[in-house]
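*Asks:* Right, I'll just put the structure down here and ask away after.
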Amino acid sequence: MPSTVPEATALPDYSDYLHVVVAVIDNACGEVLIAKRHDHLHQGGLWEFPGGKVEASEDVYRALQRELFEELAIEVLSAHPLIRIPYTYPERNVLLDVWRVSEIRGTPHGAEGQLIKWVAKRELGSYEFPSANRPIITAAQLPATYLVTPGPGPQSEWPTFLQRLERSLQAGTTLLQFRAPELDVESYLLLAGEVIELAHRYGAKVLLNAEAALLDQCNADGIHLNTRRLIASGKRPVAQDQLLAASCHSAEELHCAERVGVDFALLSPVKQTTSHPDATPLGWQQFNGLSEQCVIP
């Protein structure tokens, strides 16, 4: 039976932080709008995502609309929260309240004389941003969903497994985790080769739920660490240009993921699951409290 549901994690107090609203603005070409900070400003000369200070008692969404109208002369029609990042610079604490803007009215231009530029998401890492913006770049590059494959079954059922996977790719899946703990290493690599080839045909990326050493034996895009592998990792086990994710279930494991340098984490289970029936569900309030303390997507 599941153990007692944990007490809700208290939300952090950011009252002494400079509250800044930040916009990740997408266009139909898969690009994101960035702007260059004026040289005389804090972190001047660096690129940033548009936004600005949230005024006292101001609603964050209203602040987003106001800042983007003032900076870019556009009207925000649709947006949703993406990530919140508390960050400590030597001179100040900031809380970056990041929203993904999916619909605007008007053509953006530097209304305050700043240089702006549409950049392909995959190229964001080649621009120099303030250090607090690094998790935003990762969050901007990640899709809204992450497919975790079910068990593939015995080898006779692999064609059906691959057919189901292809239907998911045709439906728009762009990032997936190949999870098959029941397979031995040889069988896992054999099927992984077919999964990777199929996914890459559709422009999707594949993370192996396996030992990082297997990356040398196939063309996967990264590794997903289960909790055991995460805790055993003293440092990031893959290169910076390879994706690294991890499964977490507590604040301690999320902090471990941050130390290891994962690009994003899965936090679960929120509700009862058939795959882990004995796990204690977090519930949405606990999930929210934990995610508020985390600076990775």
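The values are calculated or read from the model by the stated rules, or taken from the named source; none is laboratory data. This structure is a prediction, so every number in the text was calculated from the model and none was measured. Note: ideal-geometry Cβ built from the backbone for every residue, glycine included; neighbour counts use all protein chains shown. Accessible surface is based on the protein model in full, side chains and every heavy atom, while ligands, DNA and RNA are left aside. Shrake-Rupley method; radii C 1.70, N 1.55, O 1.52, S 1.80 Å.
*Asks:* Quick check on region 142-169: of everything there that is open to solvent by 80 Å² or more (accessible area, probe 1.4 Å) and not β-branched (Val, Ile, Thr), which residue is farthest from Asp184 (Cα to Cα)?
*Replies:* Here the residue is Ala144.
*Asks:* Can you list the helices (runs of 4 or more DSSP H) lying wholly within region 154-239 that have 1 or more residues being at pLDDT 95 or above and over 24 Å from the mean Cα position of the chain (by Cα)?
*Replies:* The helices (runs of 4 or more DSSP H) meeting that bar are 158-170, 185-201.
*Asks:* Criterion first (closer than 27 Å to Asp241 by Cα, open to solvent by less than 40 Å² (accessible area, probe 1.4 Å) and in a strand (DSSP E or B)) does Pro86 satisfy it?
*Replies:* Taking the combined requirement at face value, the residue satisfies it.
*Asks:* Could you check, for region 60-81, whether at least one of its residues is in contact with a Ser or Thr (Cβ under 8 Å, 6 or more places away or on another chain), of a type in the set (Ser, Thr, Tyr), open to solvent by 60 Å² or more (accessible area, probe 1.4 Å) and not in a loop (DSSP other than H, G, I, E, B)?
*Replies:* no
*Asks:* With the requirement that a residue be closer than 30 Å to Ala132 by Cβ, open to solvent by 50 Å² or more (accessible area, probe 1.4 Å) and in a loop (DSSP other than H, G, I, E, B), what does region 263-297 give you?
*Replies:* Once the filter is applied, which keeps residues that are closer than 30 Å to Ala132 by Cβ, open to solvent by 50 Å² or more (accessible area, probe 1.4 Å) and in a loop (DSSP other than H, G, I, E, B), region 263-297 yields only Gln293.
*Asks:* With the structure loaded, tell me whether Arg62 is of a type outside the set (Asp, Glu), closer than 12 Å to Gln114 by Cα and out of contact with any His (no Cβ under 7 Å at 6 or more places or on another chain) or whether it fails that test.
*Replies:* no
*Asks:* Right, next: Among the residues of region 227-261, what is the count of those that are within 17 Å of Ala192 (Cβ to Cβ), surrounded by fewer than 18 Cβ atoms within 10 Å (Cβ to Cβ) and free of Cβ contacts under 8 Å to residues at least 24 places away in the same chain?
*Replies:* 0
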